[in-house]
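A short worksheet on the structure shown next.
The values are calculated or read from the model by the stated rules, or taken from the named source; none is laboratory data. Bear in mind the structure is a predicted one, so any value in this text is a computation, not a measurement. Virtual Cβ from ideal backbone geometry, glycine too; neighbours counted across all protein chains shown.
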Amino acid sequence: MAGRSSLLRDGTGRARTRLRPGYTLVVLALVYVVAYLDRQILAILLPPIKQEFALSDTELGLLAGPTFALFYATLGVPLARLADRFNRRNIIAAALALFSLATLACAAARSFVQLLLARVAAGVGEAGTGPAAQAMISDLYPPEARARAQAIYATGLNLGLMLAFFFGGMIAETHGWRAAFLVAGAPGLALAPLILIGLAEPKRGASEARADASAMPTSLQGAKFLWSQRAYRLIVSGTVMSAFAGYGILAFVPSFLVRSHNLALTDIGSFLAVVLGIGGGLATFLAGVMADRLAKRDIRWNMYVPALAVLFSLPFWPVFFFASETAIALLGAIVPASLASVYIGPCAAMLQGLAPLRLRAFAASLQLFFANLIGLGLGPLAIGLASDLLRPQLGEASLRYALLIGVIPALLSALCYWRAAATLGYELARAKSFEAAAAAPAPS
């Protein structure tokens with residue numbers, strides 16, 4: 001997979017250099033690592049931030065969710081349109097530099113409002129990376145290897161979480177939460193110039209030997225076509241539910257372990273780093289491998305794999321939330337936490353297949369728009385609000401019940417993935433037909 005090479009051409013069509021898919025995929029995964037490090041380090045830092053600024057759980061949910069997600073989601077769509085039209089590598093490098101600077105700015109915040117504004121800026125920057133990266137990967141790897149490639153890219157999420165929780169907890173306890181933001185923001189500034197120097201822009205459609213001959217659809221045309229695909233709608237809906245449960249629960253797991261089990265931030269960070277980083281990374285990668293292999297017999301396995309992962313993890317959540325013994329609770333968390341992101345690779349691969357060449361970044365951005373606006377934007381806020389509403393009756397135990405409520409969307413996501421499988425094969429072919437019709441000359 002990593003050894004394939006494809007010819008890169010510049011804007012005039014002249015051969016310029018050779019593209020290295022494996023190297024490019026690793027670098028894009030590193031961008032995802034940095035993005036999730038910068039994004040999710042906030043979760044392990046919420047307890048000391050709550051103490052310093054005297055915040056409620058609702059305010060913590062607002063900080064962890066909507067302030068970042070609103071701008072990340074809304075700006076992702078126009079930035080994806082630029083990525084479908086212009087050089088995606090340059091867009092990724094500029095966006096990486098911006099959100100890294102914004103993460104550094106979090107360290108300088110002296111009030112809750114200043115911290116909110118810094119997180120807004122981080123959301124603006126991160127909006128330019130995901131859709132462009134997914135579209136580049138689709139032009140590097142053919143459909144039969146795409147779920148695995150997208151899964152390798154998605155392991156950047158797990159590695160970013162591992163670094164965020166391990167070093168975030170350690171640094172926060174020894175040097176304070178501001179130092180943790182400083183450490184998180186630095187790698188992106190080093191990586192951005194390396195992207196400009198070392199990565200090349202792949203030719204659109206190269207992985208499928210498809211000519212990029214169709215006209216650029218308008219945003220309205222593109223949205224209408226994508227949303228007319230039943231499988232696309234259901235996959236997006238499923239990822240929204242997965243994100244709602246995942247982001248909401250993850251944002252409050254450190255706070256839950258502090259309140260209910262009296263664990264130190266360093267211990268929490270180390271545990272989550274191993275489970276989410278190593279366990280989650282392996283599960284995410286293997287899910288992509290399984291989806292590619294099983295899909296050779298039946299394309300619907302790309303949807304069955306994430307659906308079955310959700311169903312398998314459901315019984316373990318109550319053990320985590322309600323076990324009185326800390327060791328049993330932590331053991332209960334291993335399976336669902338490891339499987340939380342396995343949907344990303346197969347779903348990203350299918351969304352790219354359901355989109356014509358000049359709509360691939362746009363297709364990813366629409367998914368990220370809804371998943372982040374609703375999932376990241378409302379997930380942490382909903383759990384924080386539920387915890388505050390239940391507090392008069394349940395006291396400190398309110399958070400564990402709020403977290404259990406957060407599992408319900410995960411169950412709904414499995415239903416969406418299962419139903420999306422029904423029309424997947426037909427609509428993958430329909431996307432190519434749309435592209436062929438757009439490329440056909442108008443009748444005279």
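The table for this structure:
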quantity: Among residues of region 53-80, those that are within 18 Å of the chain's Cα centre (by Cα), surrounded by fewer than 24 Cβ atoms within 10 Å (Cβ to Cβ) and among the aromatic types (F, W, Y), counted; calculated: 1
quantity: Residue check for A295: over 17 Å from the mean Cα position of the chain (by Cα), at pLDDT 85 or above and within 26 Å of K203 (Cβ to Cβ); calculated: yes
quantity: Tally of residues being of a type in the set (S, T, Y), at pLDDT below 90 and over 19 Å from R85 (Cβ atoms) across region 325-368; calculated: 1
quantity: Any hit, region 409-430, residues being of a type in the set (G, A, S), in contact (Cβ under 8 Å) with a residue 12 or more places away in the chain, buried (at least 22 other Cβ atoms within 10 Å of the Cβ) and under 22 Å from S260 (Cα atoms); calculated: no
quantity: Filter result for the condition that a residue is of a type in the set (D, E), in a helix (DSSP H, G or I), buried (at least 18 other Cβ atoms within 10 Å of the Cβ) and in contact with a Lys or Arg (Cβ under 8 Å, 6 or more places away or on another chain), over D38, D84; calculated: D84
quantity: Checking K50 against (1) buried (at least 24 other Cβ atoms within 10 Å of the Cβ); (2) of a type in the set (D, E, K, R); (3) farther than 22 Å from G222 by Cβ, the condition it does not meet; calculated: (1)
quantity: Residue, modelled with the lowest pLDDT, within region 9-26, restricted to residues that are closer than 15 Å to I137 by Cβ and surrounded by fewer than 20 Cβ atoms within 10 Å (Cβ to Cβ); calculated: G22
quantity: Residue list for region 31-71, filter: under 22 Å from L366 (Cα atoms), of a type in the set (S, T, Y) and at pLDDT 75 or above; calculated: Y32, Y36
quantity: Answer from R391, R400 - the residue that is assigned to a helix (DSSP H, G or I), under 26 Å from G277 (Cα atoms) and basic (K, R); calculated: R400
